[in-house]
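J.: Below: one structure in structure tokens.
The values are calculated or read from the model by the stated rules, or taken from the named source; none is laboratory data. The model shown is predicted, which means the values in this text are computed figures rather than measured ones. Backbone-built Cβ (ideal geometry, glycine too); neighbour counts: all protein chains shown. The accessibility values were calculated without ligands, DNA or RNA, using every heavy atom of the protein model including side chains. Shrake-Rupley method; radii C 1.70, N 1.55, O 1.52, S 1.80 Å.
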Amino acid sequence: MKMKRMFVWVAAVVMCGCMVELSASGQTSAHAVDAEGHQWWQHAVFYEIYPRSFADSNNDGVGDLKGITSKLDYLKDLGVDAIWITPCFPSPQVDFGYDVSDYENIDPMYGTLADFDELASDARKRNIRIILDFVVNHSSDQHPWFLDSKSSRTSAHRDWYMWHDGKGSGQPPNNWTSEFGGSAWKFDAATNQYYYHFFYAEQPDLNWHNPAVKNAMFDVTRWWYDRGVSGFRLDAVDTLFEDPKLRDNPDQPGTNAYGDPIQNRIYNTKLPEVHDVLRGLRQVADKSGAVLIGETWTKDVSELRQYYGDHSDELQMPMDLMFTKLNFSAPVFREHMAAVDGAGGWPVYVISNHDIVRSSDRYGDGEHNDQIAKVMAALYLTLRGTPIMYYGEEIGMKTTPPTRKEEVKDPIGQTGWPKEKGRDGERTPMQWDDSNNAGFSTASTTWLPVAADYTAKNVKAEEGDPNSLLNWHKQLIAMRKNNPTLRDGKMEMLDRNNPSVLSYVRAGVAGQPAMVVALNFTAEPQTITLDPRTAGVSGDTVHTLLTNASSLDHQSSLADITLPPYASWIGSLK
Ligand code: GLC
């Protein structure tokens with residue numbers, strides 16, 4: 001069945017939940033709350049930018065800050081409220097910026113602090129906030145702190161990192177392995193000790209037991225808040241603390257892509273001390289009304305809950321990264337959404353990022369990827385919670401992994417080849433148009449090759465196609481912004497035993513009607529009957545707000561709704 005997109009606007013755009021407190025710049029004040037008691041970040045759509053790959057203003061083949069500035073109108077038009085820029089600080093770029101050698105500057109490859117200020121000011125004019133990526137677990141081995149730390153056993157910064165004697169000649173202090181392969185300990189002949197690195201050896205772990213480290217790192221956040229940053233995404237928070245006794249991790253059966261034994265990392269990840277640090281960072285953030293987003297890879301919802309803090313005094317936005325591991329299945333998402341929604345904190349849904357296979361390939365079946373991407377967009381943009389998009393998601397960019405080891409840029413792809421191909425595939429340049437290098441850069445070569453499908457899959461082409469994934473995202477985001485029920489209304493699952501269709505109701509708020517959402521996860525038409533009364537919401541008739549199935553344009557009954565394959569339908573209850 002041919003799917004035709006149809007969009008019915010809400011008769012009147014209801015500007016409800018108004019943020020009343022406006023700052024001098026015209027941007028809503030960081031502390032303002034709406035009628036529901038919600039803050040700006042609870043209603044914002046966040047968008048992750050990998051700056052190397054977004055837009056290249058000086059045509060050296062690598063993206064930069066001025067490139068991002070040049071695309072602010074695009075982001076505004078899409079409906080983005082906050083951009084999270086992955087690390088753009090001075091760095092030897094061993095881990096493409098996640099090895100920071102100066103926390104309070106901009107890498108010349110990306111521009112200058114003046115370029116950052118210009119980006120921040122131009123973004124502010126468009127009511128777009130800037131979130132930076134704070135690499136809290138480790139610095140670069142070229143950071144002056146580490147260079148000093150390494151210089152002698154008695155240096156001022158020696159205890160800023162984790163130095164230990166080996167167990168015996170040529171033997172590291174314990175069996176801990178690096179996430180990126182090999183031992184997590186590197187021997188330094190000059191001082192005859194080992195230092196600890198959870199990631200690459202060029203990323204030595206900071207010693208968070210040392211109050212001086214804590215003070216210095218807290219000051220970094222103050223420095224950026226004073227420069228107008230609205231918050232941080234905290235990198236790798238799980239790995240901040242290690243067992244002071246350095247006990248060996250228990251081995252588990254099997255080896256990983258690097259040939260290392262698989263370990264149960266009970267002694268070097270997720271130690272409880274991290275919560276003290278998060279509380280401290282939050283206190284600093286609160287003074288500036290800033291938001292903290294966590295890279296929280298949790299195994300279940302109860303672990304996720306802990307990151308909000310017992311008194312909601314830790315991360316405002318721990319990311320639900322479990323979302324990225326789910327199979328494309330209505331029952332799987334139903335169970336997950338209900339659990340996260342009930343976890344007690346404000347949910348933060350992440351569909352993709354720079355470390356994992358792109359969502360188009362993860363959820364797609366290879367045959368209906370674009371249709372499936374529309375279902376996923378309708379899902380994560382109509383949930384109660386804050387969505388975080390990844391650049392290129394909105395046009396359905398695919399993962400394009402390297403085909404030969406010689407092409408690999410990400411060192412983990414070089415170490416782990418061919419089992420682990422690295423993360424280059426999800427970091428390819430943004431596809432703006434069908435010109436050379438997809439309009440990303442006019443350089444003769446770009447740092448990673450542009451994906452081959454760019455001539456058809458690009459922003460310009462999708463802007464001109466009313467049925468495109470890009471326009472679908474714009475419509476969903478616009479609807480979300482103009483609809484207090486979608487932003488704030490309580491969520492309850494409907495038709496809970498349906499194996500094919502995920503449906504839920506959002507209770508009306510601020511005098512606005514309740515809404516129902518139904519998503520067909522299958523390649524066959526599905527007929528459903530919804531009864532929102534099971535969720536304590538009244539309303540017998542419905543009015544279509546947005547659908548990509550023209551047959552549902554005038555749906556007025558909640559009984560016998562036939563959703564074409566992969567159709568999404570959002571209706572307002574009467
Ligand atoms: C985080 C980042 C990843 C990086 C790692 C080490 O997981 O998202 O890209 O390699 O931390 O900083």
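J.: Looking only at the chain, where both bridge partners belong to it, what percent of the DSSP beta bridges are antiparallel (to the nearest 5)? Spell out each step's value before the answer.
T.: Numbers: 40 of 66 bridges.
Just about 60 percent of them are antiparallel.
J.: Need the full-extension length gain, Gln414 to Lys287, defined as separation in residues times 0.36 nm minus the C-alpha distance. One decimal, nm. Intermediate values should be presented prior to the final figure.
T.: Numbers: separation 127, 0.36 × 127 = 45.72 nm, distance 4.34 nm.
Separation in residues times 0.36 nm, less the Cα-Cα distance, equals 41.4 nm.
J.: What is the helix-to-structure angle for 330-341, meaning the angle in degrees between its Cα long axis and the longest Cα principal axis of the chain, kept from 0 to 90 and rounded to the nearest 10?
T.: 70 degrees
J.: Kindly state, to the nearest 0.05, the FRET efficiency for Asp434 paired with Glu36, given R0 = 45 Å and r defined as their beta-carbon distance. Please report the intermediate quantities before stating the final value.
T.: Working: r = 44 Å, r/R0 = 0.97.
After rounding, the FRET efficiency stands at 0.55.
J.: Leaving ligands, DNA and RNA out of it, work out the accessible area of Asp553 with a 1.4 Å probe and give it in Å² to the nearest 10.
T.: Roll a 1.4 Å probe over it and Asp553 shows about 30 Å².
J.: Further, regarding this structure: What shape does the stretch 86-207 have by the C-alpha gyration tensor, where a ≥ b ≥ c are the square roots of the eigenvalues, rounded means a/c under 1.5, and otherwise prolate means a/b greater than b/c and oblate the rest? Let's see the in-between values first.
T.: Details: a/c = 3.33, a/b = 2.34, b/c = 1.42.
Because a/c hits 1.5 or more and a/b exceeds b/c, the stretch 86-207 counts as prolate.
J.: Cross-link partners among lysines for Lys167, C-alpha distance below 24 Å, same-chain residues fewer than 8 apart left out?
T.: Answer for Lys167, where 24 Å is the Cα cut-off: Lys150, Lys186, Lys245, listed by chain and number.
J.: Another question about this same structure. Under a 1.4 Å probe, what is the accessible area of the chain per residue, stated in Å²?
T.: Working: 21420 Å² over 574 residues.
Accessible surface, normalised per residue, equals 37 Å².
J.: For the stretch 162-199 and the stretch 303-375, what is the separation of their Cα centres, given in Å?
T.: 35 Å
J.: With the contact rule set at Cα under 8 Å and sequence spacing of 6 or more, what percent relative contact order holds for the chain? Each step should come with its number before you reach the end.
T.: Details: 1280 pairs, mean separation 82.3, N = 574.
Once divided by the residue count of the chain, the mean separation gives 14 percent.
J.: Continuing with this model, one more query. Mean shadow of the chain, computed from the convex hull of its alpha carbons, in nm²? Let's see the in-between values first.
T.: Working: hull surface 103.7 nm².
Mean projected area for the chain: 25.9 nm², to one decimal.
J.: Which Rg and Dmax, in Å, describe the Cα atoms of the stretch 179-246?
T.: For the stretch 179-246, the Cα-based Rg and Dmax read 14.8, 44 Å.
J.: What lysines sit close enough to Lys405 to cross-link, taking a C-alpha to C-alpha distance under 23 Å and skipping anything fewer than 8 places away on the same chain?
T.: The qualifying lysines are Lys419, Lys421.
J.: State the Cα centre-to-centre distance between the stretch 66-125 and the stretch 460-477 in whole Å.
T.: Comparing the Cα centres of the stretch 66-125 and the stretch 460-477, I get a distance of 26 Å.
J.: If ligands, DNA and RNA are left out, what is the accessible area of Ile395 with a 1.4 Å probe, given in Å² to the nearest 10?
T.: Per-residue accessible area (Ile395): approximately 0 Å².
J.: For the stretch 503-574, evaluate the Debye formula with one uniform point scatterer on each Cα (no solvent term) and list log10 I(q)/I(0) at q = 0.11, 0.18, 0.23 Å⁻¹, rounded to two decimals.
T.: Results for the stretch 503-574 at q = 0.11, 0.18, 0.23 Å⁻¹ read -0.23, -0.62, -0.98.
J.: When the convex hull of the Cα atoms of the stretch 156-273 is projected onto a plane and the area is averaged over all directions, what value comes out in nm²?
T.: Details: hull surface 36.0 nm².
Projected over every direction and averaged, the Cα hull of the stretch 156-273 covers 9.0 nm².
J.: What angle, in degrees between 0 and 90 and rounded to the nearest 10, separates the Cα long axis of helix 469-481 from the longest principal axis of the Cα atoms of the chain?
T.: 80 degrees
J.: Cβ under 9 Å from His43's Cβ, His43 left aside: what net charge do those residues give with Lys, Arg +1 and Asp, Glu -1? Don't jump to the answer; show the numbers that get you there.
T.: Numbers: positive: Arg480, Lys481, Arg487; negative: Asp34, Asp81, Asp488.
That works out to 0.
J.: To continue, here is another question. Could you look at the chain and say what percent of its accessible area is carbon and sulfur, using a 1.4 Å probe and all protein chains?
T.: Details: 10620 of 21420 Å².
Ligands and nucleic acids excluded, carbon and sulfur give 50 percent.
J.: May I pose another question? Tell me the angle of helix 369-380 to the major Cα principal axis of the chain, expressed in degrees between 0 and 90 and rounded to the nearest ten.
T.: So the helix axis and the longest Cα principal axis differ by about 90 degrees.
J.: For the stretch 237-316, what's the relative contact order in percent, using C-alpha pairs closer than 8 Å and at least 6 residues apart? Provide the component values of the computation, followed by the final result.
T.: Working: 91 pairs, mean separation 23.4, N = 80.
So the answer I get is 29 percent.
J.: Related question: Run the reach check for Lys490 against lysines, Cα to Cα strictly under 24 Å, same-chain hits fewer than 8 apart removed. What comes back?
T.: Excluding near neighbours in sequence, the set is Lys374, Lys474, Lys481, Lys574.
J.: Shifting gears a bit: So for Asp226, Asp560, Asp102, Asp95, what's the accessible-area order with a 1.4 Å probe, most first?
T.: Numbers: Asp226 135, Asp560 110, Asp102 55, Asp95 10 Å².
The residues order as Asp226, Asp560, Asp102, Asp95, largest area first.
J.: Here's something else I'd like to know. Farthest toward the dipole's positive end in the stretch 96-209, which of Leu119, Pro173, Tyr196, given Cβ charges of +1 (Lys, Arg) and -1 (Asp, Glu) about the Cα centre?
T.: Result: Pro173, furthest along the dipole toward the positive end.
J.: Provide His43, His209 ordered by accessible surface of protein heavy atoms (probe 1.4 Å), highest first.
T.: On the way: His43 25, His209 95 Å².
From most accessible down to least: His209, His43.
J.: If you build the convex hull over the alpha carbons only and average its shadow over all orientations, what do you get for the stretch 412-498? Give it in nm² to one decimal. Numbers along the way, then the final one.
T.: Numbers: hull surface 41.9 nm².
Spelled out: convex hull of the Cα atoms, projected over all directions, averaged, 10.5 nm².
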